[in-house]
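Colleague: The structure follows.
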Amino acid sequence: MRTVLVLMDTLRRDVLSCYNPTTDVQTPNLDAFADQSCVFDNHWIGSAPCMPARRDILTGRYNFLERPWGPIEPFDVTLPACLRANGNFCHITTDHCHYLRTGGEGYLQEFNTWDYYRGQEGDPWVSRIDEPNNMPETFYGRVREQYQKNRQLWPSEEDMPSPKTFQSACDWIDGNAGADDFFLMVEAFDPHEPFDVPDKYMEMYGGTGGLDRDYFEIPEYKRVSATDVNPEAEDYLQRRYKALVTMTDHWFGKLIDKLAERGMLEDTMVMVTTDHGYFLGERDYMGKNYMHLYNELAHLPFIVHFPGNARAGEHAHQLTQAIDIMPTVLDAHGCEIPADVCGASLVPLMTDPDAPTRDYALYGVHAMTVNVTDGRYTYFRAPVAGNQPCFEYAALPHTIRKKMGSDCPEEIECGRYFKRTKYPLFKIPCKKPAQIEGTTPLAEVSETMLFDLENDYGQVNNLAGKGDPAEQHMIDLLLRGLEEHESPAEQKERLGLG
């Protein structure tokens, strides 16, 4: 059995024609791939943002209920480790810079081998003390000096990190042509910001004109109305994102063509998905993390080419999440699924379009709202005023670019808090969400919300607190989810459900 998992960071569902027939984004390779695959219509985010989503994928459990962004824990049972123990070879190729930052430890090392292509975002790669000579004088949003240094080493599209990642995967397929029993993870940072893309792709979306400053590739994570971004600049940024999606699609197509060329596509399971969506001005938002997990962020693409072209061209209606990837791959490879895995195998869906998966999906960012959907409704449960009690649990107390608990070491406790491990854990008071900047990090998520997706997919009409009978049903699902996924007990109190 062979499995290829392709993860494109920040790939919005609505840019793909298999989900949105009216999209103007050109993705011919993903379109063709969807025609050969099963398109999952009800795929939802789990833990957000980047590294929490990856821990969901590799462990089959939610990260966000217990800790924020962080490394693979020493007690984690991972997908690559299980596959390797059963004779499968595991390789990852990526340009996702967060694997090499504080808070990203241990993921790559779970694989037999790994490739990493440097330079994305603020990757501390090119070492020059002086300011680079390509810093724009006028700009919207932010400019990263380190990224400007890095990008000087990419004279052509082929030299850019995500194209090199896909090319590396093609080379790996060439070098292992005909091999069996492997898991290949191909993880492109694109189309994540900075929306750095060659002009030839911008020409497909109106060119680079229409911007009254020199640069706009990295928006501030703020409401648009709280910035100086005008409608023309907002349109420009949206076109840059579309162009980058098209470039990423081009290189994805090379990987699919390589699998076909080597006669390995038809009997290989190929999964394509993402970690989260992104706001490009909708609802007055730019970016992610600080707002409610509306559908723009939470309702995700998931497309699976099953071996033998099973279910090709069909759509699956079942609820699915990233935590389902691990048990699906293990099941397909004939491996036992560990008892601690909370996801559901999707292998039965290859032959039975009505096979069950789950009847609810939890999702969230640690220390913010806890959300649940049953596919019909979405429910965002806001924390109580003060957002307490709230703790971070970790054996390895690293989070995004820093150490956890550095502001309150005298308050940290240590004990054995999880049933699934005998490892002692740090129990660290959480004063504010680790991945949220600003002085009022919970300002945008202070209101509990309930939406009827069947009649209000745009999530405009909040039904919470208005006597809708669905609200109690969703509260019951949320409480059930907290129990079934072994959430720390104080979560109920923090959410006003104690």
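The numbers here are math on the coordinates, done by the rules we state, and not lab data. None of these values were measured; they are calculated from a predicted model. All Cβ positions, even for glycine, are placed from backbone atoms using ideal geometry, and neighbour counts span all protein chains on display.
Colleague: With a length cut of 30 Å (Cα positions projected on each helix's long axis) and a Kyte-Doolittle mean of at least -1.0, go through the chain and give me the DSSP H helices that pass. Please report the intermediate quantities before stating the final value.
Modeller: Values: long enough: 231-261 (45 Å, -0.69).
Both cut-offs are met by 231-261.
Colleague: Which of rounded, prolate, oblate describes the stretch 247-359, given a ≥ b ≥ c as roots of the alpha-carbon gyration tensor eigenvalues and a/c under 1.5 marking rounded, otherwise prolate only if a/b is larger than b/c? Walk me through the intermediate numbers first.
Modeller: Numbers: a/c = 2.10, a/b = 1.29, b/c = 1.63.
Oblate.
Colleague: Now a separate question. Can you compute the FRET efficiency between HIS485 and ARG376 using 1/(1 + (r/R0)^6), with r the Cβ-Cβ distance and R0 = 25 Å? Round to the nearest 0.05.
Modeller: Details: r = 21 Å, r/R0 = 0.83.
With a Förster radius of 25 Å, E is 0.75.
Colleague: No partner Cβ under 4.7 angstrom, meaning no disulfide-compatible partner by this rule: which Cys of the chain qualify?
Modeller: Taking the Cβ cut-off of 4.7 Å, the unpaired cysteines of the chain are CYS18, CYS38, CYS50, CYS82, CYS90, CYS97, CYS170, CYS335, CYS342, CYS408, CYS414.
Colleague: Also, quick follow-up: Among the listed pairs LYS200/LYS258; LYS164/LYS419; LYS149/LYS254, give every one whose C-alpha distance is greater than 31 Å.
Modeller: Values: LYS200/LYS258 24 Å; LYS164/LYS419 42 Å; LYS149/LYS254 28 Å.
LYS164/LYS419, as the Cα separations exceed 31 Å there.
Colleague: Is the C-alpha gyration tensor of the stretch 349-404 telling us rounded, prolate or oblate? Criteria: a/c under 1.5 is rounded; beyond that, a/b larger than b/c is prolate, otherwise oblate. Before the final figure, lay out each step's value.
Modeller: Numbers: a/c = 3.97, a/b = 1.72, b/c = 2.31.
Note, shape of the stretch 349-404 comes out oblate.
Colleague: Also, quick follow-up: Which whole-Hz couplings ³J(HN,Hα) result when phi for each residue of the stretch 138-149 is put into the Karplus expression 6.51 cos²θ - 1.76 cosθ + 1.60, θ = phi - 60°, listed in order with x for Gly and Pro?
Modeller: Running phi through 6.51 cos²θ - 1.76 cosθ + 1.60 with θ = phi - 60° gives 10, 6, 9, x, 10, 10, 9, 4, 5, 5, 4, 5 Hz.
Colleague: Let me ask something else. What is the set of long-range amide H partners of TYR285 at a cut-off below 5 Å, with H atoms built 1.01 Å from backbone N?
Modeller: Residues meeting the criterion, in which the H sits 1.01 Å from N, are VAL224.
Colleague: Between LYS200 and ASP180, how high is the FRET efficiency from 1/(1 + (r/R0)^6) when r is the Cβ-Cβ distance and R₀ = 60 Å? Nearest 0.05. Before the final figure, lay out each step's value.
Modeller: Working: r = 39 Å, r/R0 = 0.64.
It comes to 0.95.
Colleague: What residues qualify as long-range amide H neighbours of LEU425, i.e. H under 5 Å apart, gap of 5 or more or another chain, H built at 1.01 Å from N?
Modeller: Those lying under 5 Å, H to H, from LEU425 are GLY415, ARG416, TYR417.
Colleague: Hey, what do the phi angles of the stretch 214-226 turn into as Karplus ³J(HN,Hα) couplings, whole Hz, using 6.51/-1.76/1.60 and θ = phi - 60°, x for Gly and Pro?
Modeller: 7, 7, 7, 10, 10, x, 6, 7, 8, 5, 4, 5, 9
Colleague: So who's got an amide H within less than 5 Å of the one on VAL6, skipping anything under 5 residues away but keeping other chains? H placed 1.01 Å off N, in plane.
Modeller: Excluding prolines and chain starts, which carry no amide H, the hits are VAL186, MET271, VAL272, THR273.
Colleague: Here's a follow-up. For the residue pair GLU266 and ALA310, what label-to-label distance in nm results when each label sits 7 Å from Cα along the Cα-to-beta-carbon direction?
Modeller: That separation, rounded to one decimal, is 1.7 nm.
Colleague: As a footprinting exposure proxy, order GLU336, GLU73 by other Cβ within 10 Å, with the fewest listed first. Write down the numbers at each step before the final one.
Modeller: On the way: GLU336 10, GLU73 21.
Fewest to most other Cβ atoms nearby, the residues stand as GLU336, GLU73.
Colleague: Could you sort the peptides 457-466, 288-297, 441-450 by per-residue average Cβ neighbour count (10 Å cutoff), highest mean leading?
Modeller: Details: 457-466: 13.5, 288-297: 21.9, 441-450: 17.8.
Result, highest mean first: 288-297, 441-450, 457-466.
Colleague: Starting from 0.36 nm per residue, how many nanometres of slack lie between GLU220 and THR440 once their C-alpha separation is accounted for?
Modeller: Details: separation 220, 0.36 × 220 = 79.20 nm, distance 1.57 nm.
Result for the pair: 77.6 nm of gain on full extension.
Colleague: From the backbone phi of the stretch 389-404, what are the Karplus-calculated ³J(HN,Hα) couplings (6.51 cos²θ - 1.76 cosθ + 1.60, θ = phi - 60°) in whole Hz, Gly and Pro given as x?
Modeller: Computed from phi, the couplings for the stretch 389-404 are x, 8, 9, 10, 10, 7, 7, 10, x, 10, 9, 4, 6, 7, 9, 6 Hz.
Colleague: Could you check the spin-label model distance between ASP212 and ASP407? Points 7 Å from the Cα along Cα→Cβ, value in nm.
Modeller: 3.8
Colleague: Also: Suppose we keep just the DSSP beta bridges with both residues in the chain; what percent of those would be antiparallel, to 5? Provide the component values of the computation, followed by the final result.
Modeller: Details: 31 of 61 bridges.
In the chain, DSSP labels about 50 percent of beta bridges as antiparallel.
Colleague: Which residue, MET135, ALA260, GLY104, has the largest displacement toward the positive end of the dipole of the stretch 2-350 when charges sit on each Cβ (Lys, Arg +1; Asp, Glu -1)?
Modeller: GLY104
Colleague: Moving to a separate point now. Which of rounded, prolate, oblate describes the stretch 1-50, given a ≥ b ≥ c as roots of the alpha-carbon gyration tensor eigenvalues and a/c under 1.5 marking rounded, otherwise prolate only if a/b is larger than b/c?
Modeller: Working: a/c = 1.70, a/b = 1.13, b/c = 1.50.
Oblate, because a/c is 1.5 or more while a/b does not exceed b/c.
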